[in-house]
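A quick write-up on the structure given underneath.
The values are calculated or read from the model by the stated rules, or taken from the named source; none is laboratory data. On a predicted model such as this, the values are computed, not experimentally measured, just so you know. Cβ atoms come from the backbone with ideal geometry, glycine included; neighbour counts cover every protein chain shown. Side chains are part of the model used for accessible areas, which takes the heavy atoms of the whole protein and leaves out ligands, DNA and RNA. Shrake-Rupley method; radii C 1.70, N 1.55, O 1.52, S 1.80 Å.
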Amino acid sequence: MNDLTWPVVGVALLACVLGVAGVHTYASGSAQRAALVARLTQTGEPEPTGRRRRRFRSLDRRVRRTGFGRKLELRISATGLDLTPGEFVVCMTVTVAALWITGQAVLSPFFGPICGFLGVWVAMGFLNWQRQKRIEKFINQLPELSRILANATQAGLALRMALSMAADELEAPAGDELERVAQQLAVGTSIDDALGELAERLPSRELVVLVTTLVLANKAGGTVVTSLRNLTETLEERKETRREVRTQLSQVSMTAYAVPVIGIGSLLLIDNMQPGALDRMTGSGLGQFAVVAAFALYVVGFVVIRRFSKIDV
């Protein structure tokens, strides 16, 4: 019996070593597969162990097939949110249902559809706000991007290598967007198409000027150090000008949001002072028309004030 002890121990140790090696090989293969899938689908850096599990995949596939889904996917990708079109549609539906029920319970049944439409507006406005915030961050990084490209070009690097180096050195969102451009260039996409798609995702005058400079330099050949140096100074000046204009117009922007809030607050105040007043007011066709007209005027006032406070620099 003792003669079999050491062989059994040796076999057990060998089995443990093979098991550990097998687990390590499996984990390595899974990581390589995740990296390959991420590179082919251009979804960013892979997260083989902590990647969020996607939900509503069947709904997401159906939404992506529609024209609205394709536009929605492009808009979500411009915001940088880790969200699929299907997940966004589900979240928007839940928001609309919650606001619809809340409007009926707190105000009156007539306000249910209005609050539901408000939920759609809030959801799409949230995407536009996230997109605009990301564009602003990208614009603030453009002077540094132009400086890196100028230094890389002066050092003798090609434009493709300069873009890859800028993607490694810059933080998000510029680093993420340039990484996507570098991935497109790696699979054979032309510089014109890759940079043009970048300008479509994050539209701004500054980025259009930079993209136009790089595209023309790539077509004409030669170095663009002088152009990029001048562009860096111009972008720095525009950055300061935009900050000053935004500070001067901050009060006007707050007024645009305060106007509809005052209207909704007035309705809640009236219903609190005289319970059932909104039910009686919306019980007739004339009252319903007056409520819809009032909401329409508030929307028009919001849009007009926002238009006045929007100054292209």
*Mind checking which residues of the stretch 224-260 are loosely packed, with under 13 Cβ neighbours inside 10 Å and among the polar types (S, T, N, Q)?*
THR226, THR241, THR247, GLN248, SER250, GLN251
*Identify, from the list GLY196, GLY103, GLY116, GLY156, the residue that is of a type in the set (Gly, Ala, Ser) and either in contact with a strand residue (DSSP E or B) (Cβ under 8 Å, 6 or more places away or on another chain) or free of Cβ contacts under 8 Å to residues at least 12 places away in the same chain (or both).*
GLY156
*All positions within the stretch 193-216 that are within 14 Å of LEU235 (Cα to Cα) and either open to solvent by less than 50 Å² (accessible area, probe 1.4 Å) or out of contact with any Asp or Glu (no Cβ under 8 Å at 6 or more places or on another chain) (or both)*: SER204, GLU206, LEU207, VAL208, VAL209, LEU210, VAL211, THR213
_Residue selected from the stretch 271-295 under the condition open to solvent by 40 Å² or more (accessible area, probe 1.4 Å) and of a type in the set (D, E, K, R), by the criterion farthest from the chain's Cα centre (by Cα)_ = ARG280
_Check on LEU83, at pLDDT below 85, open to solvent by 40 Å² or more (accessible area, probe 1.4 Å) and either closer than 29 Å to ARG238 by Cβ or out of contact with any strand residue (DSSP E or B) (no Cβ under 6 Å at 6 or more places or on another chain) (or both)_ = yes
_Being touching a Ser or Thr at 6+ places or on another chain (Cβ under 7 Å) and modelled with pLDDT of 80 or more is true for just one of VAL261, VAL252, VAL291. Which residue is that?_
VAL291
*May I ask you to verify whether LEU268 is open to solvent by 50 Å² or more (accessible area, probe 1.4 Å), at pLDDT below 80, farther than 18 Å from GLN132 by Cα and part of a helix (DSSP H, G or I)?*
yes
